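Novice: Let me give you the structure first, and then I'll get to my questions.
The values are calculated or read from the model by the stated rules, or taken from the named source; none is laboratory data. For clarity, every value in this text was computed on a predicted model and none was experimentally measured. Positions of Cβ are generated from backbone atoms using ideal geometry, with glycine treated the same way; all protein chains shown enter the neighbour counts.
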Amino acid sequence: MAGPKALASALKQGADYVTDSRGKVPLCTAFRFYAGVGYHVMTARLRVLRGLPDAAVMEPGYRIACCAEKAGSELDISGLRHLQGLEQPAVIIANHMSTFETLILPVIAGGRRPLSFVLKESLPKYPIFGPVVLAGRPIVVGRTNPREDLRVVLHEGMARLEAGRNVVVFPQGHRRPGFEAENFNSMGIKLAKRAGVLVVPLALMTDFWSEGRRVKDVGPIYPDRPVRFAFGKPLEVVGNGKEQHAQCVDFIAETLKGWGIETR
C-alpha cells in the first residue's frame, strides 16, 4: 500500500489511484479500523474548532481513506480527471452505500475546489462528527417532505455552486447495498439545470463497511471487498434533463453491475 502521501499526491493531480497490493497484508482488525477512523475524525474536529483552513481540516481524510487499505481492502479511484478538468463547479450525482463515502469524498473530489453534501438533518447533530460536517457547509434536508427538500436544495445548492463549491447529491436518499433505478430521484439534475452547471455521475462501492445491527454506523468490516470510486464524463443538462438523468442512472448501474453489485 502506498499510504496517505501517495494518495494525496495522486488525487491532487486528478490521477487514477489503485492500492499497491504487492506484499499487502491486512494490518488491523475491525476494532483497529474503527479506532483509526475515530482518531482521524477527532483530529479533523479539533482542526475545525481551532479555525484552521479547509486544506488542514481535510488532511486527516487521506488517512481515513488509507484505513481501508490497512484493513486489507483495495482502494480504486478512477475518472477523477473528468471532475478536476472542469473550469466551474459541478453537481456530482452518486449512489450511496455506507458512511465511508461521506468521510472521504471531500478529499477525493475536493482537491481542486471544496464540496458540499446534501445530507439528512441528523448528521450535523452528531456530537463528534457534527462540527466536521458543518465545516463542509452541507445542504441539510429533512427527508419527510420531498417538495420542501427540493426547494432547499435548489436555493442553497445555487448558493454553494456560486461560491465555487461542488455539490454532492445522493438521489436514492438512504444508504443501500444494491442499486434500484426507480429510487433514484432527479434532484441533482434539477439543481444543475437551475444553476447552469454540468453534472458528473459517480459510481461508488463501499460495502466493505457494512451497517451494524445495534449501531447503524458500526458494522462488520469485509476487507475482501474493494473500495471503488468511478467518475463519469460531465454532462450538460438539456431541456427537462430526462436524458441526462437516464445517462447518470445507466452509468452508475452499469458500473456497479461490472463490479458485481446487484442492480435493478
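Novice: In segment 153-160, is there at least one residue being small (Gly, Ala, Ser), in contact with a helix residue (DSSP H, G or I) (Cβ under 7 Å, 6 or more places away or on another chain) and closer than 15 Å to residue 202 by Cα?
Specialist: Taking every residue of segment 153-160 in turn, none turns out to be small (Gly, Ala, Ser), in contact with a helix residue (DSSP H, G or I) (Cβ under 7 Å, 6 or more places away or on another chain) and closer than 15 Å to residue 202 by Cα.
Novice: Report, by residue number, each residue of segment 238-264 that is closer than 17 Å to residue 194 by Cβ and touching a strand residue (DSSP E or B) at 6+ places or on another chain (Cβ under 6 Å).
Specialist: 244, 248, listed by residue number.
Novice: Going by the structure shown, is residue 253 surrounded by 14 or more Cβ atoms within 10 Å (Cβ to Cβ) and in contact with a Ser or Thr (Cβ under 8 Å, 6 or more places away or on another chain)?
Specialist: Judged against the criteria, residue 253 is a match.
Novice: Does residue 94 count as over 22 Å from residue 256 (Cα atoms) and surrounded by 23 or more Cβ atoms within 10 Å (Cβ to Cβ)?
Specialist: So residue 94 does not fit the description; no.
Novice: Also: If a residue must be among the aliphatic types (A, V, I, L, M), closer than 16 Å to residue 230 by Cβ and out of contact with any Pro (no Cβ under 7 Å at 6 or more places or on another chain), how many such residues does segment 86-127 contain?
Specialist: 6
Novice: Run down 79, 3 and say which single residue is at pLDDT below 85, among the small types (Gly, Ala, Ser) and at positive phi.
Specialist: Answer to the check: 3.
Novice: Among (1) surrounded by 23 or more Cβ atoms within 10 Å (Cβ to Cβ); (2) over 27 Å from residue 181 (Cβ atoms); (3) of a type in the set (Val, Ile, Thr), which single condition is residue 64 missing?
Specialist: Of (1) surrounded by 23 or more Cβ atoms within 10 Å (Cβ to Cβ); (2) over 27 Å from residue 181 (Cβ atoms); (3) of a type in the set (Val, Ile, Thr), only one is false for residue 64: (1).
Novice: Can you tell which of 135, 90 is in contact (Cβ under 8 Å) with a residue 12 or more places away in the chain and within 17 Å of residue 54 (Cβ to Cβ)?
Specialist: When all the criteria are applied, what remains is 135.
Novice: Filter segment 161-173 down to the residues that are in a loop (DSSP other than H, G, I, E, B) and either out of contact with any helix residue (DSSP H, G or I) (no Cβ under 7 Å at 6 or more places or on another chain) or farther than 20 Å from residue 119 by Cβ (or both) and list them by number.
Specialist: Selection gives 163, 164, 165, 170, 173.
Novice: So in segment 174-206, with the set limited to residues that are under 13 Å from the mean Cα position of the chain (by Cα) and not basic (Lys, Arg), which one is nearest to residue 113 (Cα to Cα)?
Specialist: Among them, the one singled out is 200.
Novice: Shifting gears a bit: Scan segment 104-128 and report the pairs whose first residue is within 17 Å of residue 188 (Cβ to Cβ) and at pLDDT 85 or above and whose second residue is in a loop (DSSP other than H, G, I, E, B) and aliphatic (A, V, I, L, M), with Cβ atoms within less than 7 Å and a gap of 6+ or a chain change.
Specialist: Taking only residues 6 or more apart or on different chains, the pairs are 115/109.
Novice: Scan segment 174-183 and tell me whether some residue there is closer than 24 Å to residue 239 by Cβ, outside any helix (DSSP H, G or I) and not aliphatic (A, V, I, L, M).
Specialist: Checked segment 174-183: no residue is closer than 24 Å to residue 239 by Cβ, outside any helix (DSSP H, G or I) and not aliphatic (A, V, I, L, M).
Novice: For residues that are among the small types (Gly, Ala, Ser) and under 21 Å from the mean Cα position of the chain (by Cα), scanning just segment 36-53, find the one that is surrounded by the most Cβ atoms within 10 Å (Cβ to Cβ).
Specialist: 44
Novice: Here is a list: 198, 202. Which entry is of a type in the set (A, V, I, L, M) and either surrounded by 23 or more Cβ atoms within 10 Å (Cβ to Cβ) or at positive phi (or both)?
Specialist: Within the list 198, 202, the selection yields 202.
Novice: Next up: Being charged (D, E, K, R), surrounded by 20 or more Cβ atoms within 10 Å (Cβ to Cβ) and over 15 Å from the mean Cα position of the chain (by Cα) narrows it down to one residue among 228, 160; which is it?
Specialist: Just one listed residue meets the conditions, 160.
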